[in-house]
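The values are calculated or read from the model by the stated rules, or taken from the named source; none is laboratory data. Since the model is a prediction, treat every value here as computed from it, not as a measurement. Here the Cβ is made from the backbone with ideal geometry for all residues, glycine too, and neighbour counts use every protein chain on show.
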Amino acid sequence: MKRLIPHPLMSVTLWLAWLMLTRFSLGMAVLGGLIALAAGWAMTRLQMPEVRVRNWRKAGVLLGVVAVDVMRSNIAVVRLILAGPRACARRASFLELQLTLRDRHGLAVLAIIITSTPGTTWVEYDPESGRLLLHVLDLADGEALRQLIHSRYEALLQEIFE
């Protein structure tokens, strides 16, 4: 069975997303299933390391934390935009962080969190030194943002993946 459907969770998730994005019909269901199977086979060819989640409870906590932070950030960015262009221009800046997180999957999730949070963008990461460069739309206190990322995201990701 593993040979026919090498990544069943990914294939099912992709197939369900396909069905939600297209008008449901038998033809679309079959086509989505074939695409989902092909994606699973392609992932096998890439020989990606398997994801090992060590603490699912912490993953739920992280999901809640990120949801609240994204909502707060959305509100802050809207306020900044309504304040006018000069409000953003004076505090937009780059911020450098030193990460201790080394797990590839944890880093990928951190990149998604940071980039999906309005007002921040993952710019560059050096895997040898662990240095991360971010662009922040409204950087009032760089040290506070560093601490927030380390304590709220990086620590939880380390508990989840390492």
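Taken over segment 34-58, residues that are at pLDDT 90 or above, within 25 Å of residue 18 (Cβ to Cβ) and under 21 Å from the mean Cα position of the chain (by Cα) amount to 1. I'd like to check something: does segment 32-46 contain any residue that is assigned to a loop (DSSP other than H, G, I, E, B) and surrounded by fewer than 14 Cβ atoms within 10 Å (Cβ to Cβ)? Within segment 32-46, not a single residue is assigned to a loop (DSSP other than H, G, I, E, B) and surrounded by fewer than 14 Cβ atoms within 10 Å (Cβ to Cβ).
Quick check: is even one residue across segment 32-42 under 29 Å from residue 131 (Cα atoms) and among the hydrophobic types (A, V, I, L, M, F, W, C)? Can you show your working first?
Residues of segment 32-42 that are under 29 Å from residue 131 (Cα atoms), as a first pass: none.
No: segment 32-42 contains no residue that is under 29 Å from residue 131 (Cα atoms) and among the hydrophobic types (A, V, I, L, M, F, W, C).
Among the residues of segment 67-84, some residue qualifies, meaning at least one is at pLDDT below 95 and in contact with a strand residue (DSSP E or B) (Cβ under 9 Å, 6 or more places away or on another chain).
Looking only at segment 64-96, count every residue that is over 13 Å from residue 152 (Cβ atoms) and crowded, with 17+ Cβ neighbours inside 10 Å and tell me the total. Steps first, please.
Applying the first criterion (over 13 Å from residue 152 (Cβ atoms)) to segment 64-96 yields 71, 74-96.
Among the residues that remain, those that are also crowded, with 17+ Cβ neighbours inside 10 Å are: 77, 80, 95.
Of the residues in segment 64-96, 3 are over 13 Å from residue 152 (Cβ atoms) and crowded, with 17+ Cβ neighbours inside 10 Å.
Looking at segment 80-162, the strands (runs of 3 or more DSSP E) lying wholly inside it that each contain 1 or more residues that are among the β-branched types (Val, Ile, Thr) and within 20 Å of residue 69 (Cβ to Cβ) sit at 120-126, 131-136. What number of residues within segment 120-148 satisfy the criterion of being under 16 Å from the mean Cα position of the chain (by Cα), buried (at least 18 other Cβ atoms within 10 Å of the Cβ) and either over 25 Å from residue 52 (Cα atoms) or not assigned by TED's automatic domain parsing to the domain that holds residue 63 (or both)? Residues that pass the stated criteria total 2.
The set of residues in segment 97-111 being of a type in the set (A, V, I, L, M, F, W, C) and surrounded by 17 or more Cβ atoms within 10 Å (Cβ to Cβ) consists of 97, 99, 101, 107, 109, 110.
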